[in-house]
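Step one of this worksheet: look at the structure below.
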Amino acid sequence: GDSVTQMEGPVTLSEEAFLTINCTYTATGYPSLFWYVQYPGEGLQLLLKATKADDKGSNKGFEATYRKETTSFHLEKGSVQVSDSAVYFCALSEMDDKIIFGKGTRLHILP
Amino acid sequence: DAGVIQSPRHEVTEMGQEVTLRCKPISGHDYLFWYRQTMMRGLELLIYFNNNVPIDDSGMPEDRFSAKMPNASFSTLKIQPSEPRDSAVYFCASTRDDQPQHFGDGTRLSIL
C-alpha cells in the first residue's frame, strides 16, 4: 500500500540556518503531496502542496519539489526562525480523499 | 469563518468509563475524518465519512470504538469501555472537493 517515510527527529538548528527535512513516498498511482505543520497544542495545518511531477509548492519561505524520479518531496527553508519550531508531517493523497501521513519530524530552532 | 470545532479539549476519566468526543466540521464540507495521534504510532486515520455515510472504518482499532455522523454538522467518536491504551490526542478534520483537510485543535484524552 501507499506509504510516506520522513526523517526522524528531533532536528535542532540555530536561527537562520538552512533546513532540509527529507521525505520519500511509495504510491501505486500519481498522488498529490503535502507538507503539514503542527504547532504545540494545535491541529495540523497545510503548509504547502504539489499535485504533479516537477511542481514546486511554497509558503512562508518553505519549499518542496515533487520529484517523481526519486519519489521524494523534501522540505527546505533557507533561513529558519524560532517561530518555525513545530512538528512537520509529509503526506500523500490519491483519488479517494484519504491522506496518508508520515510519522512527523519535530523541529527545534534555537535563538 | 469558524474552523473545525472539537469538544472537549481535554478529558480525563477512569478505565471502563464511556468516552464521547464531539466534532463540528466546517459548514459546507462533505468529508469528515477522525484521527488518533500518539508518540508511538504517529497519526492514524480511524474512520472517515462522506455526506454523513461512513466510507472506510478499517482504522478503528476494535469494537470498543464507534463513530456516528447523524447530520452534516455533527459527529461523535465513542469509546466504551475505555482503556489506558486509548490515551491519545484525537483529531477531527473536514474538507470538500479538492480542498486540503482542515483540522480541529484536538481532544487530549487520558484514561487512568
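We did not get these values from a lab; they are worked out from the coordinates using the rules stated. What you are looking at is a predicted structure, and each value in this text was computed from that prediction instead of being measured. Neighbour counts are summed over all protein chains in view; Cβ atoms, including those assigned to glycine, are modelled from backbone coordinates with ideal geometry.
For the protein assembly as shown, what is the convex hull volume of the alpha-carbon atoms per residue, in Å³? Present the calculation step by step, with values, prior to reporting the outcome.
Values: hull volume 27.6 nm³, N = 223.
Residue-normalised Cα hull volume stands at 124 Å³.
If r is the Cβ-Cβ distance from B:Arg41 to A:Asn59 and R0 is 30 Å, what FRET efficiency results, to the nearest 0.05? Don't skip to the answer; put the middle values down first.
Working: r = 28 Å, r/R0 = 0.93.
With a Förster radius of 30 Å, E is 0.60.
Can you check what the net charge comes to around A:Leu47, using other residues whose Cβ is under 11 Å from the Cβ of A:Leu47 (Lys, Arg +1; Asp, Glu -1)?
Details: positive: A:Lys49, A:Lys60, A:Lys77; negative: A:Glu63, A:Asp84.
Every neighbour counted, the sum reads +1.
Normalised Debye scattering of chain A at q = 0.14, 0.16, 0.21 Å⁻¹ gives log10 I(q)/I(0) of -0.51, -0.66, -1.11, counting only Cα atoms as equal scatterers and leaving out solvent.
Using a cut-off of 9 Å between beta-carbons, work out the net charge of the residues near B:Leu45 (Lys and Arg +1, Asp and Glu -1, B:Leu45 not included).
Values: positive: A:Lys98, B:Arg36; negative: B:Glu44, B:Asp56.
Its environment carries a net charge of 0.
Dividing the convex hull volume of the alpha-carbon atoms in the range A:1-42 by its residue count gives 120 Å³ per residue.
Please state the shape class of chain B: rounded when a/c is under 1.5, otherwise prolate if a/b exceeds b/c and oblate if not, all from the C-alpha gyration tensor. Prolate shape, in that a/c is at least 1.5 and a/b is the bigger ratio. Taking the Cβ of A:Met7 as the center, what net charge do the other residues with Cβ under 15 Å away carry, scoring Lys and Arg +1 and Asp and Glu -1? Net local charge, A:Met7 excluded: +1.
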